[in-house]
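Scroll down for the structure; my scribbles are underneath it.
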Amino acid sequence: MDSLAFRLGNRLLGNGEGAAGLEVTALGPALLFDYPVTICLVGADCDALLDGNELEPYAPIAVSAGQTLKLGRVRGPGLRSYVLFQGGLDVPLYLRSRATFTLGRFGGHAGRNLVAGDVLH
């Protein structure tokens, strides 16, 4: 929904504009990282903790294997935040997009919202 923030976050990570990331609406997940990666948080401001340490938005953040990112409620203006990953997420291109269309049950990761236990590459 906030394509400007999404594109800016990808640019900060050195990704192409079409690199896939996660959109978080209103309340975020907890993500456990199995591998080291650099991420960037953009869009609406939300509580974001990496192993209990508060994170700044719009800056690349190095995450080590075994760390947990917890995103809380969006605060202030806006409703959607984004977690972008250096190199993007490995999801199939469908209708020239990597987005998930949940109503139609296609695109993105298995054509549905993420659930506990999902693994993203």
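The values are calculated or read from the model by the stated rules, or taken from the named source; none is laboratory data. This one's a predicted model, so the numbers in the text were calculated from it and none came from an experiment. Reconstructed Cβ throughout: ideal geometry from the backbone, glycine too, with neighbour counts over all protein chains shown. We work out accessible area using only protein heavy atoms, side chains counted, and drop any ligands, DNA or RNA first. Shrake-Rupley method; radii C 1.70, N 1.55, O 1.52, S 1.80 Å.
Residues whose amide H falls under 5 Å from that of residue 46, counting only those 5 or more places apart or on a different chain, are 75, with hydrogens built in the peptide plane. Of 39, 61, the residue with the largest accessible area leads and the full order is 61, 39 (1.4 Å probe). Based on C-alpha pairs under 8 angstrom that are at least 6 apart in sequence, the chain has a relative contact order of 29 percent. The angle separating the long axis of helix 3-12 from the principal Cα axis of greatest extent in the chain is about 60 degrees. Over all pairs of different C-alpha atoms in region 1-47, the reciprocal of the mean inverse distance, the Kirkwood hydrodynamic radius, equals 11.8 Å. Rounded to the nearest 0.05, what FRET efficiency do residue 116 and residue 59 have when you use their Cβ-Cβ distance and R0 = 25 Å? Taking R0 as 25 Å, the efficiency between residue 116 and residue 59 is 0.35. The candidate values were [x] 111; [y] 100; [z] 138; the one computed from these coordinates for volume of the Cα convex hull per residue in Å³ carries the label [y]. If you plug the beta carbon distance of residue 103 and residue 4 into 1/(1 + (r/R0)^6) with R0 = 30 Å, you get a FRET efficiency near 0.75. Taking θ as phi - 60° and the Karplus parameters 6.51, -1.76 and 1.60, the scalar couplings of region 64-73 work out to 8, 4, x, 7, 10, 9, 10, 10, x, 6 Hz in sequence order, x denoting glycine and proline. The residues of the chain expose on average 62 square angstrom of accessible surface per residue, using a 1.4 Å probe on protein heavy atoms. When the chain is treated as a Gaussian network with alpha carbon springs shorter than 10 Å, the biggest mean-square fluctuation among 71, 27, 103 belongs to 103. Full extension of the chain between residue 12 and residue 35 gives 6.3 nm of extra length, using 0.36 nm per residue less the Cα-Cα distance. With a 1.4 Å probe and all protein chains left in place, how much of the accessible area of the chain comes from carbon and sulfur atoms, in whole percent? The computed percentage sits at 54.
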